[in-house]
Structure formats: C-alpha cells, structure tokens
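Trainee: Below is one structure. I have some questions about it.
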Amino acid sequence: MFLRIIPLLLTGWLAMPLAAEEVRQQFEGLTLNANLELAQAKTLEDGVVLIIHGLQAHNRMEIIEAAQQALLTNGQSSIAINLGLGVDNRSGFYDCSWPHRHGFDQAAVEIQAWIDWLAKQDAGPISLIGHSFGGAQALVYLDRYRESPVSRMILLAPATRGYDRLKNDYFARYQKDLDKVLTRARSMIDAGNGDQLMQNVDFFFCPNTRVSANSFFDYYREDGEFARLPDYLRQADIPILVIAGSADERQPDVIRLLSPATDGREKKLVVIENAGHFFLDLNIEEAIEYAVEFIEEAG
C-alpha cells in the first residue's frame, strides 16, 4: 500500500536552522549528545521527531543533516541523537582504533534515555525515524519498551540482514568464515571471558580491530535480532511506515522481507524510485515528505 505522493518542496535545501542547539545528558557514566532543531514558531510541546543514525555512524552525517533540514522545511522539529557506543561524548564515525565494547540492545536503552529527556522538556507527540541499522534498532526499542510514549515510527531503509546475508557479506569483505569467529567468541563467553577483547578481529567496517567476545557475538549471532524484524513490525502497536529505496545497494531485501508484514493501514510501505541506501539529493526530501504526511495523519 503506497502513500500519496506530495510534490517536492524544492526550497528545502535553502532552509536554515531556526533554533539549532547541541544538547547533552549524562547517562550510565557517559555524556550523550544530540542535535536539536526547532522549527519556526514551534516548541518541543508541539511535537518532535527523534532520529537514529546507522551502524557506527553519527548524527551529522549527510543523510541525517538533510533529514533534519527537510523536516524543518515541513514545519517539524527534530532531535538527532548520537549513540554513545561506549564512548564519552562521541562525535563522528566510530574510530576503528577504539575497542568495541557495545551491544545491539544498548541503542534501545539510549533511545529511552532521550525519550525520558524529552519528557522532562514537556515534549509533545514523539515520532521516531531510524535509518539503516538505526531502523532495526528502533524496532527492537519498541519491542523492549512496550509502554513507550512514541506515537509513530518511520523506518528509512532499515537493516534487514539475516544471518546468511551477514555471513556472505563478512566473507565478501574479509575472505573469512564468520562461523569460525563466532565459535571463538562463544567459547570465550562460555569460559566466562565474554568481556575479554578479541585481538585483530574484523568487525563490520573495522578490519583488524579489538572487540569483546560479548559484543561480537551480540551483533553477529545466528539467532540475532535481524531475523525477528518482520515479527517485531507485525507485533508493534503503533503505526509504522517503512520507506525503501528501489536502488538500495546495501539493504536490497527491505521490500521483499518487510512488505509481508505491512497491511496498508497501520503498517505501510512506500518505495522511492531510483533511491539508494542514503537517499541522495532530492530523494531524502521525498522520503521526509512521506514521513511528515504519515506523522500528521495522527492529528
């Protein structure tokens, strides 16, 4: 079920932040930061969109900045968070020289921390937008926090890699068998050494890095969260919009895997023709216009 196409607002790229502010909070011994953009004549009480970036990425990468600008053009305030990934006051892409001691579910905990922060600011209706890996983590968040005040969710090219895709991608990138590395990680965990760092291990975009056995197993495990995403989508009790790119080179299975979990009413799917994974140029404006229409349906 596709949404009605809204004419593109070609002036979107000319919009400038009207009330941009970096905000921080302390959480579990770390400083977390986010970029807050308030739309003209709006306050947080009018509602806000919380944006979650992709894997090992950050809140000032091109797609996130463009999404916030497009939201401003459409009269929507937003807050783009930086997931800490175990690093204090993290900014920019994750430095592969740092040890990896973070887990998949930590994102859900930090999303809730920002939801709590917004509640303290008396924020109005909260919607979530998650891009790529952040889309998958947004769905997991909703499963973990069933009492969340989030009213709507938009999954922008969500990561949908099952174990077979993860294994194939791992071999294509590193010419190594993921099963063997997982077996090593599991053996360390079973021996009570899950917090111990594995040395010279390839981990997503980081070759020859250091990663704890717990972290490696959590992200790559065969029965991990990716396999459950269609079920999480079906079971969610809030309206969800999935936005896919027809030319997505990184997550080509979004339409095939998630469309059976949509119903055209509470769970919708829209495809942006010729859009790749990062929705370059005017594709992000079109995607955000779909998102804003979806958010405003609640009113």
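Trainee: With the requirement that a residue be in contact with a helix residue (DSSP H, G or I) (Cβ under 6 Å, 6 or more places away or on another chain), crowded, with 17+ Cβ neighbours inside 10 Å and more than 18 Å from GLN106 (Cα to Cα), what does region 199-226 give you?
Mentor: Result: ASP202, single match.
Trainee: When residues of region 110-137 are filtered for being within 30 Å of GLY194 (Cα to Cα) and without any contact (Cβ under 8 Å) to a residue 60 or more places away in the chain, how many remain?
Mentor: Counting residues in region 110-137 that are within 30 Å of GLY194 (Cα to Cα) and without any contact (Cβ under 8 Å) to a residue 60 or more places away in the chain gives 1.
Trainee: Given the structure, is VAL150 farther than 22 Å from LEU36 by Cα, surrounded by 15 or more Cβ atoms within 10 Å (Cβ to Cβ) and touching a residue at least 24 places away in the same chain (Cβ under 8 Å)?
Mentor: So VAL150 does not fit the description; no.
Trainee: Further, regarding this structure: Can you find a residue that is out of contact with any Leu (no Cβ under 8 Å at 6 or more places or on another chain), assigned to a helix (DSSP H, G or I) and among the hydroxyl-bearing types (Ser, Thr, Tyr) anywhere in region 203-210?
Mentor: no
Trainee: Another question, if that's okay. Please enumerate the residues belonging to region 107-143 that are over 14 Å from HIS53 (Cα atoms), among the small types (Gly, Ala, Ser) and assigned to a helix (DSSP H, G or I).
Mentor: ALA113, ALA119
Trainee: Right, another one. Residue check: is ASN193 surrounded by fewer than 19 Cβ atoms within 10 Å (Cβ to Cβ), modelled with pLDDT under 95 and either within 21 Å of ILE255 (Cα to Cα) or not aliphatic (A, V, I, L, M) (or both)?
Mentor: No: the conditions fail for ASN193.
Trainee: Could you check how many residues of region 97-117 are over 16 Å from the mean Cα position of the chain (by Cα), among the hydrophobic types (A, V, I, L, M, F, W, C) and buried (at least 18 other Cβ atoms within 10 Å of the Cβ)?
Mentor: 1
Trainee: Of the residues ARG161, ARG184, which single one is of a type in the set (Lys, Arg), out of contact with any His (no Cβ under 8 Å at 6 or more places or on another chain) and within 29 Å of LEU258 (Cα to Cα)?
Mentor: After ruling out the rest, the residue left standing is ARG161.
Trainee: Just checking, how many residues over region 34-54 are surrounded by fewer than 19 Cβ atoms within 10 Å (Cβ to Cβ) and on the phi < 0 side of the Ramachandran plot?
Mentor: 6
Trainee: Sort through ARG234, ARG265 and tell me the only one that's of a type outside the set (Phe, Trp, Tyr) and outside any helix (DSSP H, G or I).
Mentor: ARG265
The values are calculated or read from the model by the stated rules, or taken from the named source; none is laboratory data. Just so it is clear, the model here is predicted, and its values are computed rather than measured. So basically every Cβ, Gly included, is an ideal-geometry build from the backbone, and we count neighbours across all protein chains shown.
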